[in-house]
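Read the structure below first, then the notes.
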Amino acid sequence: MDLTILYRGPLASCDYDCPYCPFAKRRDSTDQLRADRAALTRFTAWAAEQTDDRLSVLFTPWGEGLTRSWYRRALTELSHLPHVARVAIQTNLSCRTDWLKAADPAKLALWCTYHPGQTPYDRFLTKCRELGTAGIRFSVGIVGFPDHLAEARRLRADLPEHVYLWVNAAEGRTYTDPEAAAWTSVDPLFPYSRHPHRSAGLPCRTGESVISVDGEGTVRRCHFVPAELGNLYDGSYRTALKPRACPLAACDCHIGYVHLETLPLYDVFAGGVLERIPAGPVR
């Protein structure tokens, strides 16, 4: 089968402390880091054994994964597996980039977020240029707060034209039409993020060809629906995979609504759904 997996282990530590982050960050203890490393090692070993399937994997850690050697190693190893179509991770890009030389740039991609006030602008832009030099596919994004607009415009001007710069609507924020127009001038796809998408009863690929997996191997349809479909490691999830409608009233996160069949985003991001890279120029 063709299966997309969103993996989120117990890692919750981050080197940034963004005041707008919807996730409660903490400093993981040594034991917690060991547990996260063991969980990721187990998942990577499982993925390597699934040679009859075609896998695409997006790591969506609560914290920052690429500052940990085991995430860099997992991405590198998975990128070389013939049955893995794509492996990507959400990152603040604070890590070094030399490790990417060992990965397959045709398979590995990065979903990068710029956080003003957490890292110097020039340092982040330099990292982006290093990715380009290494031939790594990547997108760049920012959260749509008013005081981020000037930085977003600067970033759009400094990034190569082919690098997609996305804007996430800030959690709980309502945008006036002029505000939305300003952000849409930076990211023409911002209207998809501006409002939550009605999803109740609508068909969604999650739970059929897309699943969410935690560090214990518990499988759910996505990160936002708590109902369990089985376990990855005993194979019990497979019999639960089927077309299903969304049970939630609305979906307001890109990693959720991108899979709604009522939206055209699989066409918009064809070949780059995991790393949030459009198939062609965005207008």
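For Tyr20, state whether it is surrounded by 15 or more Cβ atoms within 10 Å (Cβ to Cβ), farther than 12 Å from Val213 by Cα, modelled with pLDDT under 95 and hydroxyl-bearing (Ser, Thr, Tyr).
no
Of everything in the range 158-171, what is open to solvent by less than 80 Å² (accessible area, probe 1.4 Å), closer than 20 Å to Cys21 by Cα and not β-branched (Val, Ile, Thr)? Give them in sequence order.
Answer for the range 158-171, where residues must be open to solvent by less than 80 Å² (accessible area, probe 1.4 Å), closer than 20 Å to Cys21 by Cα and not β-branched (Val, Ile, Thr): Leu165, Trp166, Asn168, Ala169, Ala170.
Got a sec? Which of Leu78, Leu149, Leu155 is of a type in the set (A, V, I, L, M), outside any loop (DSSP other than H, G, I, E, B) and open to solvent by 20 Å² or more (accessible area, probe 1.4 Å)?
Selected residue: Leu149, the only one of Leu78, Leu149, Leu155 that is of a type in the set (A, V, I, L, M), outside any loop (DSSP other than H, G, I, E, B) and open to solvent by 20 Å² or more (accessible area, probe 1.4 Å).
Name the single residue, out of those in the range 256-283 being open to solvent by 40 Å² or more (accessible area, probe 1.4 Å) and among the small types (Gly, Ala, Ser), that is farthest from Ala85 (Cα to Cα).
Applying the filter and picking the extreme gives Ala279.
Out of all the residues in the range 23-46, which are within 21 Å of Glu275 (Cβ to Cβ) and either touching a residue at least 40 places away in the same chain (Cβ under 8 Å) or open to solvent by 60 Å² or more (accessible area, probe 1.4 Å) (or both)?
Passing the criteria: Phe23, Leu40, Phe43.
Of the numbered conditions (1) in contact with a strand residue (DSSP E or B) (Cβ under 6 Å, 6 or more places away or on another chain); (2) buried (at least 18 other Cβ atoms within 10 Å of the Cβ), His223 fails exactly one; give the number of that condition.
Among (1) in contact with a strand residue (DSSP E or B) (Cβ under 6 Å, 6 or more places away or on another chain); (2) buried (at least 18 other Cβ atoms within 10 Å of the Cβ), His223 violates only (2).
Condition test on Glu228, is it in a loop (DSSP other than H, G, I, E, B) and either open to solvent by 40 Å² or more (accessible area, probe 1.4 Å) or touching a residue at least 40 places away in the same chain (Cβ under 8 Å) (or both)?
Here the answer is no, as Glu228 does not meet what is asked.
Taking the condition of being open to solvent by less than 10 Å² (accessible area, probe 1.4 Å), assigned to a strand (DSSP E or B) and either among the hydrophobic types (A, V, I, L, M, F, W, C) or over 15 Å from Lys127 (Cα atoms) (or both), how many residues in the range 86-110 meet it?
Total satisfying the criteria: 6.
Tally up the residues in the range 120-146 that are touching a residue at least 12 places away in the same chain (Cβ under 8 Å), more than 20 Å from Pro178 (Cβ to Cβ) and either open to solvent by 70 Å² or more (accessible area, probe 1.4 Å) or assigned to a strand (DSSP E or B) (or both), please.
6
Does Ala180 fit the bill of being open to solvent by less than 20 Å² (accessible area, probe 1.4 Å), in a loop (DSSP other than H, G, I, E, B) and farther than 21 Å from Leu58 by Cα?
No: the conditions fail for Ala180.
The values are calculated or read from the model by the stated rules, or taken from the named source; none is laboratory data. Bear in mind that the values here come from a model prediction, so they are computed numbers and not experimental data. Virtual Cβ from ideal backbone geometry, glycine too; neighbours counted across all protein chains shown. Keep in mind that these areas ignore ligands, DNA and RNA; they rest on the heavy atoms of the full protein, side chains included. Shrake-Rupley method; radii C 1.70, N 1.55, O 1.52, S 1.80 Å.
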